[in-house]
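The values are calculated or read from the model by the stated rules, or taken from the named source; none is laboratory data. All values derive from a computational prediction rather than experimental measurement. When we count neighbours, we look across all protein chains shown, and the Cβ atoms used for this are built from the backbone with ideal geometry, even at glycine. Ligands, DNA and RNA are stripped out before the accessible areas are found, and what is left, the full protein with its side chains, is counted by its heavy atoms. Shrake-Rupley method; radii C 1.70, N 1.55, O 1.52, S 1.80 Å.
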Amino acid sequence: MAESLTIERTKSPKPKPDFSQLAFGKNFTDHMFVVDYVEGEGWIDPRIVPYQPLTMDPSSLVFHYGQAVFEGMKAYYSGGDIMLFRPEKNFERLNQSNRRMSIPEIDEQLLIDSLKELVSLERDWIPRGEGQSLYIRPFVIATEASLSVKPSSSYKLLIILTPVGSYYGSGGDAMKPVSIYVENEFVRSVRGGVGFTKTAGNYAASLKAQEQAGSAGYDQVLWLDGVEQRYIEEVGSMNIFFKISGKVVTPALNGSILEGITRDSVIELLHYWDIPVEERRIDMEEIRTAYEAGTLEEIFGTGTAAVISPVGKLRWDAQTYKINDEETGPLAKQLYDTITGIQTGDKEDVLHWTRTV
Ligand code: COI
């Protein structure tokens, strides 16, 4: 247990939702983790308390200038054990986001230890069905009451938990191919900006394009680079991979793309399987050429919430591309089965990714 972590149990546990009908991020468990940052004292008073609303001053900096970061991770049952998937990577990335957003770094081990306590306390909230898990949302907000544009002198870090099924559609089939719309009006991120961080504003800025893609009948937006609007970056809530002539390619990390942990896991698995994979700049024209030559075999997205999500249809420049007859491709299926199999203990954890709670 983390040193000085205190636990206050709820006196009125909530009824559990119907685990066969889970919508993403709608039902929250009985407890949450909180730790405060106070200038001069550091991160203090780590505690698990009943899930409850926050009371904040309306002038709190987070409401005005958006100094906020978050993470996404999952807990699973593996037989009788509860597992986390590469949690140290998420907390490393949280601190990477913190550094860019001028938020003080936090002890990663304190977070791992506290998270294990929290998940263990909420073990009855972890669903066991196919494709289900307990989604974990750590986040940090700036709490100083001030309207000055400056880094806050106080913060709260919270971890909340929600039982989830597939990200796309409640109770949906996780491997049902999604459709994506290549955005060529708005951009998500610019050179030297905050694209590599999980800061709330990146997601707020994506909503307009997401709304327009939705109205055109597409599930997600595919972002292009912010300068030439030509090179592929990432999808709304996922990183993106293409299989062309037997080789897998994904955009290289360039400061404007999120460093996905599922992305990294996929690259490591492909190396392990001796499947060629390249991280590099990908021009949309290359995708068009491969499609026209019949060598574009598969497209899939990767993310904690989305896991591996095949792409069945792509819309770019007034043209619609149907990928693999809008069916799930064999590589996406193999990756999905392997990653979820490792997470739930059905497959050997050859790359040593899981951590027992
Ligand atoms: C995740 O995959 O955990 C994410 O953070 C994506 C999210 C915005 C749903």
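Things to note:
- Prolate/oblate/rounded label for region 259-357 (Cα gyration tensor, a/c 1.5): prolate
- Percent of beta bridges antiparallel (DSSP, the chain, rounded to nearest 5): 80
- Of the residues D346, D274, D225, the one that moves most in a GNM of the chain with alpha-carbon contacts below 10 Å is D274.
- Projecting the Cα atoms of M284, L314, Y203 onto the dipole axis of the chain, where Lys and Arg carry +1 and Asp and Glu carry -1 at the beta carbon, places Y203 farthest toward the positive end.
- When +1 charges are put on Lys and Arg Cβ atoms and -1 charges on Asp and Glu Cβ atoms, the dipole computed for region 1-128 relative to its Cα centre reaches about 680 debye.
- Assigned charges on the beta-carbon of Lys, Arg, Asp, Glu; the chain dipole about Cα centre (debye): 580
- For R188, R281, the ranking by accessible surface with the largest value first comes to R281, R188, using a 1.4 Å probe.
- Cut-off 13 Å between beta-carbons: net charge of the residues surrounding A204, Lys and Arg +1, Asp and Glu -1: +2
- Folded to 0 to 90 degrees: helix 330-343 orientation relative to the chain principal axis, Cα: 20
- Alpha-carbon gyration tensor eigenvalues x 5, square-rooted, for region 95-206, Å: 29, 25, 11
- Accessible area (Å², per residue) of the chain, counting only protein heavy atoms and a probe of 1.4 Å: 44
- R123 contributes an accessible area of around 90 Å² to the protein surface, as traced by a 1.4 Å probe with all chains present.
- Alpha-carbon centroids, region 238-268 and region 181-216: separation in whole Å: 18
- Shape call, region 66-156: gyration tensor on alpha carbons, a/c limit 1.5: prolate
- Selection of chymotrypsin sites (Phe, Trp or Tyr not before Pro), region 1-105, meeting DSSP coil and at most 10 other Cβ within 10 Å: none
- Tensor-based shape of region 252-309 (alpha-carbon gyration tensor, a/c under 1.5 rounded, otherwise prolate or oblate): prolate
- The apolar share of the surface of the chain, taken as the fraction of accessible area on carbon and sulfur atoms (1.4 Å probe, ligands and nucleic acids excluded), comes to 47 percent.
- Fluctuation leader among E92, E41, E298 - the chain, Gaussian network, Cα springs under 10 angstrom: E41
- Candidate lysines for bridging to K208, where Cα separation is under 21 Å - those fewer than 8 sequence places away on the same chain excluded: K198, K313
- Column: log10 I(q)/I(0), Debye, Cα scatterers of the chain, q = 0.08, 0.09, 0.12 Å⁻¹: -0.40, -0.51, -0.92
- Subtracting the Cα-Cα distance of S4 and E292 from 0.36 nm times their residue separation leaves 97.6 nm of extension gain.
- Full extension of the chain between S20 and R123 gives 35.4 nm of extra length, using 0.36 nm per residue less the Cα-Cα distance.
- Descending semi-axes in whole angstrom, ellipsoid equivalent of region 198-302, from the Cα gyration tensor: 23, 17, 13
- Remark: spin-label model distance A318-D283 equals 2.2 nm, labels positioned 7 Å along the Cα→Cβ axis.
- Degrees between helix 261-272 axis and first principal axis of the chain (Cα, 0 to 90, nearest 10): 50
- The chain: most fluctuating residue of S153, S237, S179 per GNM, C-alpha cutoff 10 Å: S153
- Computed about its Cα centre, the charge dipole of region 115-168 is approximately 140 debye, with only Lys, Arg, Asp and Glu carrying charge at their Cβ.
- Charge dipole (the chain, unit charges on Cβ, about Cα centre) - positive-most of L296, L270, Y135: Y135
- For the chain, the longest principal axis of the Cα atoms and the long axis of helix 284-293 meet at an angle of about 40 degrees.
- The 1.4 Å probe gives accessible areas that order H352, H64, H271, largest first, as H352, H271, H64.
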